[in-house]
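Inspection log for the structure reproduced underneath, given as structure tokens.
The values are calculated or read from the model by the stated rules, or taken from the named source; none is laboratory data. Small disclaimer: the values here were computed from a predicted structure and weren't measured. We place every Cβ from the backbone using ideal geometry, glycine too, and count neighbours over all the protein chains shown. Just so you know, the surface numbers come from the protein's heavy atoms only, side chains and all, with ligands and any DNA or RNA stripped out. Shrake-Rupley method; radii C 1.70, N 1.55, O 1.52, S 1.80 Å.
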Amino acid sequence: MTRVAAVVVLLSAIALDASQATSVAGRVLTADGSTAIANARVRIATAGHPATLLVTDADGRFPIDVSSGALTITVTKSGYVRREATLNAGAPAIELRLERAAVIAGRVLGAGEPIVDARVVVNRVQADPNARSAPVATVTTDDGANIASLRCHRAHTASPS
């Protein structure tokens, strides 16, 4: 009887938690807001829960289920600068605008397998081939071994370190 009661309490807690989730609309647009960005990668994270990965539809839209607390939303798309924003519980929607720029983006592989948490150093290309290159940024690959987009205004090279 005690086990049955414990299972009923656990299932009730799960059902209560799920019933409190609210669906929020998200959308990804170009910086000027004129064009939806399709197939952008959206990562939704909240403390104590595994991250959710989504891809925007043809209209740049994606759904978010919010139960409580703040969510960190990270959007990446080749050819655009990575964007991160916080969505607080109770917000009706979120719109993220991505700036178009030359970017360094990619995936780090070793023997054909993704390397998670790899450190990638971005160096400025020097006019003098004998000059020492200067690091301008360091990034770490994410859980899919992807390099986050970095805005580039000059010639750069990237290499795992």
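Of the GluC sites (Glu not before Pro) found in segment 29-105, the ones in coil according to DSSP and having at most 15 other Cβ atoms within 10 Å of their Cβ are Glu99. A Förster radius of 25 Å combined with the Cβ-Cβ distance from Ser23 to Ala47 puts the calculated FRET efficiency at roughly 0.80. Computed in the context of the full set of protein chains, the accessible area of segment 25-100 at 1.4 Å probe radius has 47% of its extent on carbon or sulfur. Using only Cα coordinates, the Kirkwood hydrodynamic radius of segment 73-138 works out to 15.4 Å.
Between Thr72 and Ile115, the FRET efficiency estimated from the beta carbon spacing at R0 = 41 angstrom works out to 0.95. Between Ala127 and Ala31, the modelled label-to-label distance comes to 2.6 nm, taking each label 7 Å out from Cα in the direction of the beta carbon.
Ordering of 109-119, 25-35 by packing is 25-35, 109-119, highest average first (other Cβ atoms within 10 Å, averaged per residue). For Leu98, the residues 5 or more places off, or on other chains, whose built amide H falls under 5 Å of its own are Leu29, Thr30, Ala31.
Return the whole-Å distance between the Cα centroid of segment 68-99 and the Cα centroid of segment 24-39. Result: 11 Å between the Cα centres. The length gained by stretching the chain between Glu84 and Arg100 to full extension, at 0.36 nm per residue less their Cα-Cα distance, is 4.3 nm.
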